[in-house]
Amino acid sequence: MNRRWTKFVALGDSLTEGVGDEDETGRPRGWADRFAEEIARRQGGLRYANLAVRGLVTAEVLTTQVPAAVALRPDLVSAIVGMNDLVRPNLSLRTVLRDYDTLLDQVGSTGATILTATLPDPGAVLPLPPVVRSRFASRLSRFNDHIRGSARNRRAHCLDLARLADGDTHAWSADRLHPSPYGHQVVADEFLALLTGVRSDRPEPRPADPPHELAGLAPSLRWLTTTAAPWLRRQFGAPVSVPNRAKAPDYLALT
């Protein structure tokens with residue numbers, strides 16, 4: 001790597017918190033931890049904070065995480081948001097896109113290098129009705145097109161997660177909503193290549209089998225009752241106050 005980064009702050013929701021990639025204690029690890037550890041290993045150290053909190057929409061990330069991120073004065077920031085907005089029935093896409101641009105502008109005011117990403121389509125591995133899948137895919141396409149343009153206009157590094165996760169069942173965890181450990185490592189490796197031009201020399205082996213069975217009526221019904229229904233109730237329920245429970249609200253020293 002030609003450039004050295006000293007302070008990396010990760011913003012976002014469950015993807016960046018690391019849901020789907022829990023360690024033996026149940027603590028989420030995730031792509032941001034893996035990416036930060038690799039940067040630290042390659043350059044001999046890095047200070048790393050992760051402000052991501054599962055379940056947040058873009059406006060909540062903007063109001064609860066961005067001020068804290070700016071105060072930390074990073075030179076490298078990641079911001080991946082939007083999935084929790086897109087699944088809500090009362091979505092105002094114009095408002096979400098405006099909030100996304102404001103988010104990038106505010107973290108960009110620090111002078112930090114910005115990492116962002118398009119969003120993958122979970123409909124590729126979810127047993128959704130065709131009309132629901134089509135409506136969500138339309139929203140997602142418009143959102144991703146905006147992300148690409150917004151990142152380009154701000155000279156942010158934009159990873160095309162929509163392409164990476166397309167149809168690869170190994171990249172999704174058993175809940176079919178978040179990446180698997182393999183999927184999180186792929187994201188970390190791709191961000192490393194995007195930022196540095198150097199690919200990982202320690203890639204995660206692709207599992208022989210996906211972490212869940214996609215075919216058949218019984219597995220789909222189990223997933224709908226045990227995972228999808230509770231998740232949808234949380235998404236469509238009344239707004240709740242989300243406490244600050246970021247796993248790393250201040251810098252950790254990685255070596």
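Side notes on the structure shown:
- Residues located in the range 2-39, provided they are closer than 20 Å to residue 255 by Cα, surrounded by fewer than 20 Cβ atoms within 10 Å (Cβ to Cβ) and out of contact with any Gly (no Cβ under 9 Å at 6 or more places or on another chain): 3, 7, 23, 37
- Selection within the range 58-102 - under 30 Å from residue 135 (Cβ atoms), of a type in the set (A, V, I, L, M), at pLDDT 95 or above and out of contact with any His (no Cβ under 6 Å at 6 or more places or on another chain): 59, 61, 62, 66, 79, 80, 81, 93, 96
- Some residue of the range 72-95 being within 26 Å of residue 162 (Cβ to Cβ), basic (Lys, Arg) and open to solvent by 40 Å² or more (accessible area, probe 1.4 Å): yes
- Output for the range 163-179, where each listed residue is more than 18 Å from residue 37 (Cβ to Cβ) and buried (at least 19 other Cβ atoms within 10 Å of the Cβ): 165, 171, 172, 173, 176, 177, 178
- For the range 41-77, a residue qualifies if it is in contact (Cβ under 8 Å) with a residue 40 or more places away in the chain, over 26 Å from residue 88 (Cα atoms) and of a type in the set (A, V, I, L, M, F, W, C), and the qualifying residues are 46, 49, 68, 69, 70, 72, 76, 77.
- Pair list, Cβ under 7 Å, 6 or more apart: the range 14-29 residue hydrophobic (A, V, I, L, M, F, W, C), other residue assigned to a loop (DSSP other than H, G, I, E, B): 15/178; 19/54; 19/178
The values are calculated or read from the model by the stated rules, or taken from the named source; none is laboratory data. What you see is a predicted model, and the numbers here were worked out from it, not measured in a lab. Glycine gets a Cβ as well: all are built from the backbone with ideal geometry, and neighbour counts include every protein chain shown. Ligands, DNA and RNA are excluded from the accessible area calculation, which covers all protein heavy atoms including side chains. Shrake-Rupley method; radii C 1.70, N 1.55, O 1.52, S 1.80 Å.
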